[in-house]
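Working notes, beginning with the structure itself.
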Amino acid sequence: MTTILLIITVTALTSFLAWRSPSLLDSWLMNPYRIYSRGEYHRFLTSGFIHADVGHLLFNMLSLYFFGGIIEQIFSALFGGLGPIYLIGFYLAGILVSDIPSYLKYRFDPAYNSLGASGGVSSVLFAAILFSPLSKIYIYFIPIGIPGFIFGALYLAYSYYESKQNRGNVNHDAHLYGAIFGIVAMIAIYPQVLPQFIEQIASWRIF
């Protein structure tokens, strides 16, 4: 079993367990107030392993499956046998870092909750876009693929805009900061990826 499939399997199992156990779900949610007032720091990570429903789980895990393989291969090439450990650390760090803005924003609000692996998935997705910015990304059932770097720019702009609106139940801050973490961390890990990314973008033509 690959590392990405292991992460997906664990996340699916913990999500199903949380659906069957309201007490487990409540204790694993990202609730900034409880972190601040009770020191329940485990929520920074556990919230990334539970989901609201099957659709939420499938969307995140399919995204992780399709883009995680690229990063898994890269980490194996860079770190050899330690590649899986670095990949897991990268993914968990993406979840944790993406939750920090929500913590700072809502730590005095007892009613705020969020959950899902979006921060970690966004980290992996944007790290993959750095290496392959011209690869097409298909959204839902739109037949025309969008080059990864264009999709990434639109995704960041949309997430930033929605996070400023402060409405709905989607944690857009996690999407935004997870993506930023993925970009910054991957450049720090493998600096050569930045000039390679720029070179590929420069060669792109619409037609």
Subset of the stretch 15-35 that is touching a His at 6+ places or on another chain (Cβ under 9 Å) and over 17 Å from SER98 (Cα atoms) - its residue that is surrounded by the most Cβ atoms within 10 Å (Cβ to Cβ): SER15
Evaluate the following for ILE95: is it surrounded by 18 or more Cβ atoms within 10 Å (Cβ to Cβ), within 16 Å of HIS42 (Cα to Cα) and in contact with a helix residue (DSSP H, G or I) (Cβ under 7 Å, 6 or more places away or on another chain)? yes
Give all pairs with beta carbons closer than 7 Å in which a residue from the stretch 137-159 that is among the hydrophobic types (A, V, I, L, M, F, W, C) meets a residue that is surrounded by 19 or more Cβ atoms within 10 Å (Cβ to Cβ) and modelled with pLDDT of 85 or more; count only pairs at least 6 apart in sequence or on separate chains. ILE137/GLY148; ILE137/PHE151; PHE149/ILE129; PHE149/PRO133; LEU156/LEU176; LEU156/ALA179
Pick out the one residue from PHE66, PHE49, PHE75 that is without any contact (Cβ under 8 Å) to a residue 40 or more places away in the chain and out of contact with any Gly (no Cβ under 7 Å at 6 or more places or on another chain). PHE66
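Condition check ((1) surrounded by 17 or more Cβ atoms within 10 Å (Cβ to Cβ); (2) out of contact with any helix residue (DSSP H, G or I) (no Cβ under 8 Å at 6 or more places or on another chain); (3) within 21 Å of GLY178 (Cα to Cα)) across all residues:
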| site | (1), (2), (3) |
| --- | --- |
| VAL10 | no, no, yes |
| SER37 | no, yes, no |
| THR46 | yes, no, yes |
| LEU62 | no, yes, yes |
Within the stretch 69-91, can you find the residues that are within 30 Å of ARG38 (Cα to Cα), crowded, with 18+ Cβ neighbours inside 10 Å and touching a Leu at 6+ places or on another chain (Cβ under 9 Å)? TYR91
Filtering the stretch 25-42 for residues that are assigned to a helix (DSSP H, G or I) and over 22 Å from the mean Cα position of the chain (by Cα) leaves a count of 5
Could you figure out which of (1) part of a helix (DSSP H, G or I); (2) modelled with pLDDT of 90 or more isn't true of GLY152? (2)
If you take the residues in the stretch 9-24 that are touching a Leu at 6+ places or on another chain (Cβ under 8 Å) and free of Cβ contacts under 8 Å to residues at least 60 places away in the same chain, which one is nearest to PRO110 (Cα to Cα)? LEU24
Which residue is farthest from the chain's Cα centre (by Cα), if the candidates are limited to the stretch 192-207 and must be within 17 Å of LYS136 (Cα to Cα) and not in a helix (DSSP H, G or I)? PHE207
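Scanning for something over 21 Å from the mean Cα position of the chain (by Cα) and in a helix (DSSP H, G or I), does the stretch 10-18 turn up at least one residue?
yes
Conditions tested, residue by residue: (1) in contact with an Asp or Glu (Cβ under 8 Å, 6 or more places away or on another chain); (2) in a helix (DSSP H, G or I); (3) small (Gly, Ala, Ser); (4) on the phi > 0 side of the Ramachandran plot.
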| position | (1), (2), (3), (4) |
| --- | --- |
| GLY55 | no, yes, yes, no |
| LEU58 | no, yes, no, no |
| PHE66 | no, yes, no, no |
| ILE70 | no, yes, no, no |
| GLY94 | no, yes, yes, no |
| SER102 | yes, yes, yes, no |
Which numbered condition in (1) assigned to a loop (DSSP other than H, G, I, E, B); (2) loosely packed, with under 12 Cβ neighbours inside 10 Å; (3) among the aliphatic types (A, V, I, L, M) is the only one that LEU134 fails? (2)
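The values are calculated or read from the model by the stated rules, or taken from the named source; none is laboratory data. For clarity, every value in this text was computed on a predicted model and none was experimentally measured. Note: ideal-geometry Cβ built from the backbone for every residue, glycine included; neighbour counts use all protein chains shown.
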